[in-house]
Amino acid sequence: MELTFSHTLVETVCSRICAIPFIDSSLLQVNGLSQPIHTLYGGAHLFKVGALQKLSDLAKDHFLFWASDPSHLSEILEQQHDLDTPWDLVHRNVVARLERLAIEDFRIDFEDGYGARGEIEEDRDAERTAVAVAHEMSLGALPPSFGIRVKSFQPQTIRRSIRTLDIFLSKLLKTTNGVVPNGFVVTLPKVGHKEQVGALADLLDEIESRLSLPRRVIRLELMVEGPESIVSDLGPNPLKALVGAAKGRCRGVHFGTYDYSASLDISAEYQTMDHPVCVHALLAMKTSLYGSRVWLADGATNILPLPVHKESAGALLSEQQRQQNAQHIKRAWQQSFSAIQNSLKLGFYQGWDLHPHQIAVRLVAHYAFFLRYLTDATDRLRNFLEKAAQATASGGVFDDAATGQGLLNFFIRALELNVIDSHQLLSAGITQEELKTRSFMAIVDSRRCEK
């Protein structure tokens, strides 16, 4: 067949296109660390030696009290009729995970969770918590990811924020002889301008240089809590520029459900994680940071699974009060479970917890989300790989290469979040080495080359 385009013209056009820096997000990973399922926040005034173990025990004890077995778990969530989810396996995995590592990520909070306190008190708390962190670090008691949340870099709080950061880091590094905890991060709330991020990055440059620390050993985390983080005054989405201003330090971007929805005039009754304004912001975060190396995290539910009535010395609760407690905790569990499942559907695999009692519900939501579809996803992915990316139908669902990538994403996240293990991965016909490519077509091409 005679072709119209000359070879020279084709090569010229292809060279132009290949020179464009396209981003293949499936190949990007985050600093060799596993993304935690949650981030637990705790006020700096409450943090002390032994606090992390106490919080872990509270998380486990709460779960075992209210969901002592799989039937109680499905009952409290009102999921008794969900026969596709293996609740016995979910329950067993959650108990094991709570015993092994209840808290995966923790922030000592000097912002909303700390409240309005005097300058002298915050100075003391910054120094005291640094010493406590150094002690926990020496015992190997810190979670894989750990850090502090300072006040915002807005004009009214920036000086206090910098002072707290300086006191905390100086005391911590002095106590640890210059060793930074693994996975350490500084969270900057209410980010609205790239100059705020750049200023914090410059401060951390100075600390690392002055103390001869490895460059970028202290990472940053940004919080989206207002519409100015989603739409700039000129119209475009500024998130990629905010992350870029961190100069390679940004590890994650977290969403603040309640500050964000309040800033858009949403009344308290409707400030929920699945409100349309919040979903819009989450999707904007997801889209604008496509191809980046940062972790994205959703917010938290603010109805805590805590009893409405508390027993006091010499005053036992009535039967009605006990029932009200149970009803409130049941409602809190159900709301959290539903909200987290919705976050997972949106592709957000990390979120906040404001109390240790919320941790177990988050774990339940993750295990239920992945284990419910594991058998079907295993069969479909194996079928894809066996047919080498040829279009195929499996289980009545028509699949193509894009769906193959979606199935691969399922296993990537399930393995990274430790919801499944390598044996379950092999059942899907894929190895861990292949999974590291994070690309369905790369796996298919590799297998074709081997034949």
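Here are a few things to note about the model shown:
- Residues in the range 210-228 that are of a type in the set (Lys, Arg) and in a loop (DSSP other than H, G, I, E, B) were compared, and the one that is nearest to residue 147 (Cα to Cα) is 216.
- Filter result for residue 180 (crowded, with 22+ Cβ neighbours inside 10 Å and β-branched (Val, Ile, Thr)): no
- For the residues 231, 185, the requirement of being touching a residue at least 60 places away in the same chain (Cβ under 8 Å), among the aliphatic types (A, V, I, L, M) and not in a helix (DSSP H, G or I) singles out 185.
- Flag for residue 75 being under 30 Å from residue 375 (Cβ atoms) and open to solvent by 50 Å² or more (accessible area, probe 1.4 Å): yes
- Within this structure, residue 309 fails the test of being modelled with pLDDT of 95 or more and open to solvent by 10 Å² or more (accessible area, probe 1.4 Å).
- Boolean, residue 147 is open to solvent by less than 20 Å² (accessible area, probe 1.4 Å) and of a type in the set (Gly, Ala, Ser): yes
- Identity of the residue in the range 183-209, β-branched (Val, Ile, Thr) and open to solvent by less than 10 Å² (accessible area, probe 1.4 Å), that ends up nearest to residue 145 (Cα to Cα): 185
- Being of a type in the set (Val, Ile, Thr), surrounded by fewer than 21 Cβ atoms within 10 Å (Cβ to Cβ), out of contact with any Cys (no Cβ under 8 Å at 6 or more places or on another chain) and not in a helix (DSSP H, G or I) is a condition met by no residue of the range 160-168.
- Sole residue being touching a Pro at 6+ places or on another chain (Cβ under 7 Å) and either farther than 14 Å from residue 337 by Cβ or at pLDDT 95 or above (or both), chosen from 105, 84: 105
- Breaking point among (1) at pLDDT below 90; (2) closer than 29 Å to residue 333 by Cα, for residue 372: (1)
- Screening the range 415-435 for residues that are assigned to a loop (DSSP other than H, G, I, E, B) and either within 19 Å of the chain's Cα centre (by Cα) or without any contact (Cβ under 8 Å) to a residue 24 or more places away in the chain (or both) and picking the one that is surrounded by the fewest Cβ atoms within 10 Å (Cβ to Cβ) gives 421.
- Residues of the range 37-59 satisfying the condition of being touching a residue at least 60 places away in the same chain (Cβ under 8 Å), touching a Pro at 6+ places or on another chain (Cβ under 9 Å) and assigned to a helix (DSSP H, G or I): 52, 55, 56, 58, 59
- Lone qualifier among 68, 34 - being closer than 30 Å to residue 217 by Cα, open to solvent by 60 Å² or more (accessible area, probe 1.4 Å) and not in a helix (DSSP H, G or I): 34
- Some residue of the range 316-323 being open to solvent by less than 10 Å² (accessible area, probe 1.4 Å), within 30 Å of residue 75 (Cα to Cα) and of a type outside the set (D, E, K, R): no
- Of everything in the range 66-90 that is of a type in the set (A, V, I, L, M) and in contact with a Leu (Cβ under 7 Å, 6 or more places away or on another chain), the residue that is nearest to residue 305 (Cα to Cα) is 67.
- Among the candidates 134, 141, the residue that is part of a helix (DSSP H, G or I), open to solvent by less than 50 Å² (accessible area, probe 1.4 Å) and under 24 Å from residue 52 (Cβ atoms) is uniquely 134.
- Any hit, the range 198-207, residues being β-branched (Val, Ile, Thr), in contact with a helix residue (DSSP H, G or I) (Cβ under 7 Å, 6 or more places away or on another chain) and modelled with pLDDT under 95: yes
- Residue 248 vs. criteria within 22 Å of residue 146 (Cα to Cα), exposed (fewer than 15 other Cβ atoms within 10 Å of the Cβ) and without any contact (Cβ under 8 Å) to a residue 60 or more places away in the chain: yes
- Verdict on residue 148 being within 24 Å of residue 209 (Cβ to Cβ), under 24 Å from the mean Cα position of the chain (by Cα) and in contact (Cβ under 8 Å) with a residue 24 or more places away in the chain: yes
- Only one of the listed residues (127, 111, 119) is buried (at least 19 other Cβ atoms within 10 Å of the Cβ) and either under 25 Å from the mean Cα position of the chain (by Cα) or not polar (S, T, N, Q) (or both). That residue is 111.
- Pairing each residue of the range 283-311 that is farther than 19 Å from residue 417 by Cβ with any residue that is open to solvent by less than 20 Å² (accessible area, probe 1.4 Å) and part of a loop (DSSP other than H, G, I, E, B), provided the two are 6+ apart or on different chains, yields C-beta distances under 6 Å for 284/230.
- Scanning the range 210-236 for residues that are surrounded by fewer than 17 Cβ atoms within 10 Å (Cβ to Cβ) and of a type in the set (Asp, Glu) yields 228, 233.
The values are calculated or read from the model by the stated rules, or taken from the named source; none is laboratory data. Every value quoted in this text rests on a predicted model; they were computed, and no experiment measured them. Note that we place each Cβ from the backbone using ideal geometry, even for glycine, and neighbour counts take in every protein chain shown. Accessible surface is based on the protein model in full, side chains and every heavy atom, while ligands, DNA and RNA are left aside. Shrake-Rupley method; radii C 1.70, N 1.55, O 1.52, S 1.80 Å.
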